[in-house]
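Please read the structure below before turning to the comments.
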Amino acid sequence: MQARRMKTLNKLYQHTPCYSWHVKAGARMVEFAGYLMPVSYSSLIEEHLNVRANAGLFDVSHMGEIFVEGREAKEFLQSVLVSDVDKLFPGLAIYTLFCNERGGIIDDLIVYCLKEQKYLICSNAATTEKDFSWLVKQKSRFDVELRNKSVEYAQFALQGPRAEEIFRLIANPALCAIKRFHFASGEIDDIPVIVCRTGYTGEDGFEIFLPSSSARTLWEKILSAGAEAKLMPIGLGARDTLRLEQGYLLYGQDMDEETTPFEAGIGWTVSLHKEFIGKEALKRQKEEGLKRNRVGFVMEGNEIARHDYAIVSTERKPIGRVTSGTFSPSLKKGIGMGYVPANSVKIGDEISIAIRSGFAKGRIVKMPFVIGSSSRQA
């Protein structure tokens, strides 16, 4: 039965270049953003804690790679990104957003300045085609070329406090020495790579872009090099719990086209001194004040809050919905976040989560829930 199910799934969904390795390693495969991806190899908790204590290697080759190049590439990105592209220079990356005219978030991204007037956009897997189509519609006034090269690229994330120690065993010192949100191009055993000091776990580490054709070779090389440092392959399950412990958002769940950067708590990405799509709506919202905002909470008992559960006041009145909730392996208790009316709660306030037919107590806390090694080093 399982073999028949996997055969059916293989026909329906795409594979990353390391798919056969994941299957051979015994990973539990699930559909995610149109791909069959490993959700875990051993146990989610074991994988999660190993990233916090040692290091983990993630196959994130489902992410999108869109290249923007041309005489007016910078001017084009300045018009579609909420952040100030003038601050980007070759070798630097920024976390930023596309917004629609209403100020709603089309996608969150990392943009890399490869050289003058040439940029790489790393987009979410589920939104790459949408993002590319939207960019094509916006480019008519600019001398710029857009290329979606996602199929040609693989991407790995090496994350954890021992990530640099492991990376130094396979990469030259220049690639290992890059600072946070900087990147460099080079080679690892004749494989061309773009190495970035970024990640979505809160831990120190690297994200590596490389040709899809060389993916399995480098994947196995990294795992072999990191064996003594207790490096483990890590699935999507632990990737989700790690990002939530940091208070990081998941597109389509914690933010969407009806959510603005200010509501989501990432208004720091927005540069209102320049022109971009959605500026007027965001400027107006900032002047008028927020009607809702994102908050984090920790459960006081053993219950786990899940997506779309109701957040209720101490008077048992619904005030919001949970967007992300899970068991935190680091804290050994339930954590979550969601949206509530602005100024309706403050840090330390008690709330409840409607779980099945009852109510479970929680408390509003400041995010991140856990301080990773990247924050400790900053």
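Which one of 249, 282, 272 is over 18 Å from residue 101 (Cα atoms) and either modelled with pLDDT of 95 or more or assigned to a helix (DSSP H, G or I) (or both)?
Details: 282 fails: over 18 Å from residue 101 (Cα atoms); 272 fails: over 18 Å from residue 101 (Cα atoms).
Just one listed residue meets the conditions, 249.
With respect to the conditions (1) modelled with pLDDT of 95 or more; (2) under 21 Å from residue 199 (Cα atoms); (3) surrounded by fewer than 17 Cβ atoms within 10 Å (Cβ to Cβ), residue 376 falls short on a single one, namely (1). Among the candidates 151, 144, 136, single out the residue that is without any contact (Cβ under 8 Å) to a residue 60 or more places away in the chain, among the β-branched types (Val, Ile, Thr) and out of contact with any His (no Cβ under 9 Å at 6 or more places or on another chain). Testing whether each residue is without any contact (Cβ under 8 Å) to a residue 60 or more places away in the chain, among the β-branched types (Val, Ile, Thr) and out of contact with any His (no Cβ under 9 Å at 6 or more places or on another chain) leaves just 136.
Taken over the stretch 218-242, the criterion of being in contact with a strand residue (DSSP E or B) (Cβ under 9 Å, 6 or more places away or on another chain) and not aliphatic (A, V, I, L, M) is satisfied by 219, 221, 226, 233, 235, 237, 239, 240, 241.
Within this structure, residue 235 fails the test of being in contact (Cβ under 8 Å) with a residue 60 or more places away in the chain, assigned by TED's automatic domain parsing to the domain that holds residue 326 and not hydrophobic (A, V, I, L, M, F, W, C).
Residues considered: 361, 346. Of these, the only one that is over 19 Å from residue 50 (Cβ atoms), assigned to a strand (DSSP E or B) and of a type in the set (Lys, Arg) is 361. I need a count of the residues in the stretch 54-75 that are more than 16 Å from residue 158 (Cα to Cα), out of contact with any strand residue (DSSP E or B) (no Cβ under 6 Å at 6 or more places or on another chain) and part of a loop (DSSP other than H, G, I, E, B). Selection size over the stretch 54-75: 2.
So which residues in the stretch 313-325 are of a type in the set (Val, Ile, Thr) and either crowded, with 20+ Cβ neighbours inside 10 Å or outside the structural domain of residue 342 (by TED's automatic domain parsing) (or both), if there are any at all?
Of the stretch 313-325, the ones of a type in the set (Val, Ile, Thr) are 314, 319, 322-323.
Selection gives 322, 323.
In the set 265, 202, only one residue is within 21 Å of residue 335 (Cα to Cα) and either surrounded by fewer than 23 Cβ atoms within 10 Å (Cβ to Cβ) or not assigned by TED's automatic domain parsing to the domain that holds residue 39 (or both); that residue is 265. Of all the criteria given as (1) within 24 Å of residue 125 (Cβ to Cβ); (2) buried (at least 17 other Cβ atoms within 10 Å of the Cβ); (3) more than 19 Å from the chain's Cα centre (by Cα), the one not satisfied by residue 310 is (1).
When the stretch 337-370 is filtered for residues that are modelled with pLDDT of 95 or more and over 15 Å from residue 320 (Cα atoms), the ones remaining, listed by number, are 347, 348, 365, 366, 367, 368, 369, 370.
Looking at 98, 58, which is the one that is in the same structural domain as residue 15 (by TED's automatic domain parsing) and at pLDDT 95 or above? Before you say what the answer is, go through the steps one by one.
Details: 98 fails: in the same structural domain as residue 15 (by TED's automatic domain parsing).
Going through 98, 58 in turn, the sole match is 58.
Would it be correct to say that residue 230 is in contact with a helix residue (DSSP H, G or I) (Cβ under 9 Å, 6 or more places away or on another chain) and surrounded by fewer than 21 Cβ atoms within 10 Å (Cβ to Cβ)? It is true that residue 230 is in contact with a helix residue (DSSP H, G or I) (Cβ under 9 Å, 6 or more places away or on another chain) and surrounded by fewer than 21 Cβ atoms within 10 Å (Cβ to Cβ).
The values are calculated or read from the model by the stated rules, or taken from the named source; none is laboratory data. What you are looking at is a predicted structure, and each value in this text was computed from that prediction instead of being measured. When we count neighbours, we look across all protein chains shown, and the Cβ atoms used for this are built from the backbone with ideal geometry, even at glycine.
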